[in-house]
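*Asks:* Can you read through this structure? Questions will come right after.
The values are calculated or read from the model by the stated rules, or taken from the named source; none is laboratory data. Small disclaimer: the values here were computed from a predicted structure and weren't measured. So basically every Cβ, Gly included, is an ideal-geometry build from the backbone, and we count neighbours across all protein chains shown. We work out accessible area using only protein heavy atoms, side chains counted, and drop any ligands, DNA or RNA first. Shrake-Rupley method; radii C 1.70, N 1.55, O 1.52, S 1.80 Å.
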Amino acid sequence: MEVFLIRVLQFILAISLLVLLHEGGHFFFAKLFGVRVEKFYIFFDWKFSLFKFKPKNSDTEYGIGWLPLGGYCKIAGMIDESFDTEQMKQPAQPWEFRTKPAWQRLLIMIGGVLVNFLLALFIYSMILFYWGDTYIPVKDMTLGMKFNQEAKSYGFKDGDILIGTEKNAFKDFSADLYRDIAEAKRVDIIRDGKKMSINLPGNLNLLGMLKADPSFVRPFIPAKVDSVVPGTPAEKIGMKAGDKILAMNDSPVDSYNEFIDLLGRRQDLLDTATSPADSLKARTVTIVFGNESKTDTATVQLTPDLKLGFVVSSIAGLYQPITKEYGFFESIPAGIKYGWNVLASYVDDLKYVFTADGAKSLGGFGAIGSLFPPMWDWYMFWKMTAFLSIILAFMNILPIPALDGGHVLFLLYEMITRRKPSEEFMIRAEYVGFGILILLMVVANLNDILRWLGYL
């Protein structure tokens, strides 16, 4: 419960900050051009609000709604998600959005996206300035990698040390490494101390690589016990720090990766169990373990969540991370480059949304919230906030009615053709766009529920 609350608090804080600044971007340009802002809200206040106030001699009501689906800045004389058609029937006023030149209306509409994008670049820059860039170079992972069968079909072998592709050297083990391999026609590796190359088609399915179980490539982790958790099956069979897992149910174990894969097969058996006896059978395994001087074999019942109860060294424990530090002025271009790479990668990955697996991978509030760490970590909080800020900017600029990008599209049409779309058309477009957004939101959050229930 504590982990859930920490993640919820981080999510709410990040979204509140992003919505506040996004709507603040619209607010700034509206005020700059003398357009009246009637309401400025974080979250939606459908039917009622949690808090609101209107300063004396101000035209703007400020508040916090109860529905955390975003926020809004109600600009006078504009057709938006408030669907205030009565106002549009009144004579146009000089302080209304609709009476301003198209270029001013365009700046008002892109103000939120502009602020979110600049905010993300600023946060990334300050992360690099304050914390630097800490990572483990892939080339320094001297134990190499563990590959699945698909990867081995292309020529990879367990233990290969990844160096880079024909385009660039690998930096760290992250989604970028998967992306580089997916787009590579040549991957350079070190095998048995010798440098060699593996040819690839250059168009591997990135989503399939990430979703595969086991995944396409993982850092090789030895099946060596670092510590034993008290009161667990591992302690009961006498397992000690320094022991290695050698086999499970007559299947050799060459790494911790292999051990986890074998547990995954037990999970499949447990999921299909129809009786307590079947469940007990799925949880009962024979483990061979030991060290240079002694080898033991024991039959043991795993915990209900299929844990044996030992801990192995993490990647950070196996290898020495390096930290690249940045001065203030160095961090700004580095942060811009980093943020631009994040945006480019996200846009490139959007093509997978239109596949069956991509549609299933869509996530709602639950999926987004789970991206935050289970413990309060300011580094990860700001990194996730910057990421969400870039996503919010990009999604809002898509040419979908009801989003900023939809309004921008119609404004560009007006500026090019010198003809303004009718108010009736704009209202209908807003309804269509709003319907599309609701449908996407329902699908994304339904996916969260199905994942939680184990159907996805």
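*Asks:* Hey, how much of the P(r) for the stretch 1-117 falls beyond 18 Å, as a percent of Cα pairs?
*Replies:* On the way: 3732 of 6786 pairs.
Counting every Cα pair in the stretch 1-117, those more than 18 Å apart make up 55 percent.
*Asks:* How big is the gap, in Å, between the Cα center of the stretch 46-76 and the Cα center of the stretch 104-119?
*Replies:* Centre-to-centre (Cα) distance: 20 Å.
*Asks:* State the percentage of accessible surface on the stretch 131-230 attributable to carbon and sulfur atoms; use a 1.4 Å probe and exclude ligands, DNA and RNA. Can you show the working numbers first?
*Replies:* Details: 2440 of 4850 Å².
Carbon with sulfur: 50 percent of the solvent-accessible area.
*Asks:* Alpha carbon centre of the stretch 161-234 versus the stretch 418-438: separation in Å?
*Replies:* Taking the Cα centre of the stretch 418-438 as reference, the centre of the stretch 161-234 is 47 Å away.
*Asks:* Report the residues of the stretch 190-227 in range of a label on Lys351: point 7 Å along Cα→C-beta, backbone N strictly under 18 Å from it.
*Replies:* In the stretch 190-227, the label zone of Lys351 (backbone N under 18 Å from the point 7 Å along Cα→Cβ) covers 200-211.
*Asks:* Also: Placing unit charges on C-beta atoms (Lys and Arg positive, Asp and Glu negative, everything else neutral), compute the dipole magnitude of the chain about its Cα centre in debye, rounded to 20. Mind dumping the intermediate values first?
*Replies:* Numbers: 47 positive and 49 negative charges, 121 e Å.
Approximately 580 debye in magnitude.
*Asks:* Kirkwood hydrodynamic radius, computed over distinct alpha-carbon pairs, for the stretch 196-250: how many Å, to one decimal?
*Replies:* Radius from the Kirkwood sum: 15.0 Å.
*Asks:* Would you grab the residues whose amide H sits under 5 Å from the one on Val312? Only those 5+ places off in sequence or on another chain, please, with H modelled 1.01 Å from N.
*Replies:* Asp226
*Asks:* Calculate the radius of gyration of the Cα atoms of the stretch 130-221 to one decimal place, then report Dmax, the largest Cα-Cα distance, as a whole number, both in Å.
*Replies:* Over the stretch 130-221's Cα set, Rg and Dmax evaluate to 12.6, 43 Å.
*Asks:* Per residue, how large is the accessible surface of the chain? Use a 1.4 angstrom probe and give square angstrom. Present the calculation step by step, with values, prior to reporting the outcome.
*Replies:* Numbers: 24870 Å² over 456 residues.
Normalised by residue count, the accessible surface of the chain is 55 Å².
*Asks:* Let me make sure I get this right: for the stretch 232-299, a, b and c are the square roots of the gyration tensor eigenvalues over alpha carbons, sorted descending. Under 1.5 in a/c it's rounded, otherwise prolate if a/b > b/c, else oblate. Which is it? Walk me through the numbers before you get to the answer.
*Replies:* On the way: a/c = 2.66, a/b = 1.78, b/c = 1.50.
It is prolate, given that a/c is not under 1.5 and a/b is the larger ratio.
*Asks:* Could you work out the equivalent-ellipsoid semi-axes for the chain, taking the square root of 5 times each eigenvalue of the Cα gyration tensor, largest first, in whole Å? Before the final figure, lay out each step's value.
*Replies:* Working: eigenvalues 522, 133, 89 Å².
That gives 51, 26, 21 Å for the three semi-axes.
*Asks:* While we're here: Over its Cα atoms, what ratio of radius of gyration to 2.2 N^0.38 Å does the stretch 211-350 give? Numbers along the way, then the final one.
*Replies:* Details: Rg = 20.7 Å, N = 140, 2.2 N^0.38 = 14.4 Å.
Normalised Rg, Cα atoms only: 1.44.
*Asks:* For the stretch 103-132, list residues with backbone N below 14 Å from a point placed 7 Å from the Cα of Lys337 toward its Cβ?
*Replies:* Residues passing the 14 Å test: 125, 128-129.
*Asks:* Which one, Phe328, Phe372, Leu67, is farthest towards the positive end of the dipole of the chain when Lys and Arg carry +1 and Asp and Glu -1 on their Cβ?
*Replies:* Checking the options against the dipole of the chain, the answer is Phe328.
*Asks:* Compute the length gained on full extension between Asp59 and Asn291: take 0.36 nm times their separation in residues and subtract their Cα-Cα distance, giving the result in nm to one decimal.
*Replies:* 75.9 nm
*Asks:* Please give the contour-minus-distance gain from Ile322 to Trp376: 0.36 nm per residue of separation, less the Cα-Cα distance, rounded to one decimal in nm. Write down the numbers at each step before the final one.
*Replies:* Values: separation 54, 0.36 × 54 = 19.44 nm, distance 2.34 nm.
Roughly 17.1 nm would be gained on extension.
*Asks:* With a point put 7 Å past each Cα toward its Cβ, work out how far Gln301 is from Tyr413 in nm, to one decimal.
*Replies:* 6.8 nm
*Asks:* What 222 nm value per residue comes from the helices of the chain, counting each DSSP H run with n ≥ 4 as -39,500 (n - 2.57) and dividing by all residues, nearest 500 deg cm²/dmol?
*Replies:* On the way: 16 runs with 216 residues, N = 456.
Per the formula, -15000 deg cm²/dmol.
*Asks:* Do the alpha carbons of any pairs in Lys139/Lys211; Lys100/Lys383; Lys146/Lys167; Lys211/Lys281 sit beyond 32 Å of each other, and which pairs?
*Replies:* On the way: Lys139/Lys211 24 Å; Lys100/Lys383 38 Å; Lys146/Lys167 23 Å; Lys211/Lys281 28 Å.
As for pairs spanning more than 32 Å Cα to Cα, those are Lys100/Lys383.
*Asks:* Here's something else I'd like to know. State the percent of C-alpha pairs, over all pairs in the stretch 101-159, separated by a distance greater than 20 angstrom.
*Replies:* Working: 1085 of 1711 pairs.
Distances greater than 20 Å cover 63 percent of the Cα pairs.
*Asks:* Distances longer than 22 Å among the Cα atoms of the stretch 272-346: what percent of all pairs is that? Don't jump to the answer; show the numbers that get you there.
*Replies:* Numbers: 1734 of 2775 pairs.
Beyond 22 Å sits 62 percent of the P(r) for the stretch 272-346.
*Asks:* In whole percent, how big is the carbon plus sulfur part of the accessible area of the stretch 1-105, probe 1.4 Å, protein atoms only? Don't skip to the answer; put the middle values down first.
*Replies:* Numbers: 3740 of 5710 Å².
Of all accessible area on the stretch 1-105, carbon and sulfur atoms account for 65 percent.
*Asks:* Express in nm, to one decimal, how much length is gained between Ser275 and Glu423 on full extension, taking 0.36 nm for each residue of separation and deducting their alpha carbon distance. Numbers along the way, then the final one.
*Replies:* Values: separation 148, 0.36 × 148 = 53.28 nm, distance 6.38 nm.
Gain on stretching Ser275 to Glu423: 46.9 nm.
*Asks:* With θ taken as phi - 60° and the coefficients 6.51, -1.76 and 1.60, list the Karplus ³J(HN,Hα) couplings across the stretch 4-20 in order, rounded to whole Hz; mark glycine and proline as x.
*Replies:* 4, 5, 4, 5, 4, 5, 5, 4, 5, 5, 5, 5, 4, 4, 5, 5, 4
*Asks:* Taking θ as phi - 60°, what are the ³J(HN,Hα) couplings along the stretch 308-324 by the Karplus curve (6.51, -1.76, 1.60), each to the nearest whole Hz, with x for Gly and Pro?
*Replies:* In residue order, the calculated couplings are 8, x, 10, 10, 10, 5, 7, 4, 5, x, 7, 10, 8, x, 10, 10, 9 Hz.
*Asks:* Moving on. Can you give me the Cα centroid spacing of the stretch 370-407 and the stretch 251-312 in angstrom?
*Replies:* Between the Cα centre of the stretch 370-407 and that of the stretch 251-312, the gap is 40 Å.
*Asks:* What FRET efficiency, computed as 1/(1 + (r/R0)^6) with R0 = 51 Å and r the Cβ-Cβ distance, is obtained for Asn249 and Gln93, rounded to the nearest 0.05? Could the numbers behind the result be given before it?
*Replies:* Numbers: r = 78 Å, r/R0 = 1.53.
The calculated FRET efficiency here is 0.05.
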